[in-house]
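Each remark here refers to the structure printed beneath this line.
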Amino acid sequence: MRQVRFGDPEVKPVLAGLADEYEIRYGKNNEMARTTDIEFDPPSGLFVVVMDGAVTAAGGGFRRYEPTTCEVKRMWTHPAYRRRGMAASVLSALEAAARNAGYARLILETGPRQPEAEAFYARQGYSRIDVYGRYPDARAFALDLSER
């Protein structure tokens, strides 16, 4: 696992994979245009990838939401690498980095047509919260970083 900038070439497969999945599950949309490179720059943000040689196997990041809260965004695992614990490793790294950056809470949203993501976040100890973003049907979660 390594830290990268959001605009680095290793991130492109994450974004392309997510765009494909979002289009399959939700149809044409512009969700991938809703973040910018700078949002994931330290110290208020971070993006990490897991590499298998030249292949980006998984990745994800966080960005500042409020002074003590950051939001996990763009979590993705290459289909050939799923069910190997990579998403849990990425999320754990993001939680540790967010804590080190001074955040007390992590939040995230996933879509209603991603039940595997809902189950994953619940298994990782995240609690359901009210939807806070632009998608009223989203499933929102939070984690208190002081409890870990």
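The values are calculated or read from the model by the stated rules, or taken from the named source; none is laboratory data. It should be emphasised that the depicted structure is a prediction, and the values quoted were computed from it without experimental measurement. A quick note on method: Cβ atoms are made from the backbone with ideal geometry, for glycine too, and the neighbour counts reach across all protein chains shown.
Looking only at residues in segment 66-81 that are surrounded by fewer than 19 Cβ atoms within 10 Å (Cβ to Cβ) and within 15 Å of the chain's Cα centre (by Cα), which one is nearest to GLU31 (Cα to Cα)?
HIS78
Can you say whether PRO43 is crowded, with 17+ Cβ neighbours inside 10 Å and either of a type outside the set (Gly, Ala, Ser) or assigned to a strand (DSSP E or B) (or both), as far as the supplied structure shows?
no
Yes/no matrix, rows are residues, columns are (1) part of a helix (DSSP H, G or I); (2) over 20 Å from MET1 (Cα atoms); (3) within 14 Å of the chain's Cα centre (by Cα); (4) among the acidic types (Asp, Glu):
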{"site": "ALA93", "(1), (2), (3), (4)": "yes, no, yes, no"}
{"site": "ALA98", "(1), (2), (3), (4)": "yes, no, yes, no"}
{"site": "GLU109", "(1), (2), (3), (4)": "no, yes, yes, yes"}
{"site": "PRO112", "(1), (2), (3), (4)": "no, yes, no, no"}
{"site": "TYR132", "(1), (2), (3), (4)": "no, yes, no, no"}
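Can you find a residue that is assigned to a loop (DSSP other than H, G, I, E, B) and within 19 Å of TYR135 (Cβ to Cβ) anywhere in segment 69-91? Don't jump to the end; show me each part of the working.
So the first thing to find is which residues in segment 69-91 are assigned to a loop (DSSP other than H, G, I, E, B), and the list is 78, 82-85.
Now narrow it down to the ones that are within 19 Å of TYR135 (Cβ to Cβ): none.
No: zero hits.
Give the residues of segment 14-40 that are in contact with a Gly (Cβ under 8 Å, 6 or more places away or on another chain), over 20 Å from ALA97 (Cα atoms) and surrounded by 14 or more Cβ atoms within 10 Å (Cβ to Cβ), sorted by residue number.
TYR22, TYR26
Here are some conditions: (1) closer than 24 Å to TYR135 by Cβ; (2) touching a residue at least 24 places away in the same chain (Cβ under 8 Å). VAL48 meets all but one. Which one does it not meet?
Unmet for VAL48, out of (1) closer than 24 Å to TYR135 by Cβ; (2) touching a residue at least 24 places away in the same chain (Cβ under 8 Å): (1).
Kindly evaluate PHE120 against the criterion of being farther than 22 Å from PRO9 by Cα, surrounded by 16 or more Cβ atoms within 10 Å (Cβ to Cβ), of a type in the set (A, V, I, L, M, F, W, C) and modelled with pLDDT of 95 or more.
Details: farther than 22 Å from PRO9 by Cα: yes; surrounded by 16 or more Cβ atoms within 10 Å (Cβ to Cβ): yes; of a type in the set (A, V, I, L, M, F, W, C): yes; modelled with pLDDT of 95 or more: yes.
Against the criterion (farther than 22 Å from PRO9 by Cα, surrounded by 16 or more Cβ atoms within 10 Å (Cβ to Cβ), of a type in the set (A, V, I, L, M, F, W, C) and modelled with pLDDT of 95 or more), PHE120 qualifies.
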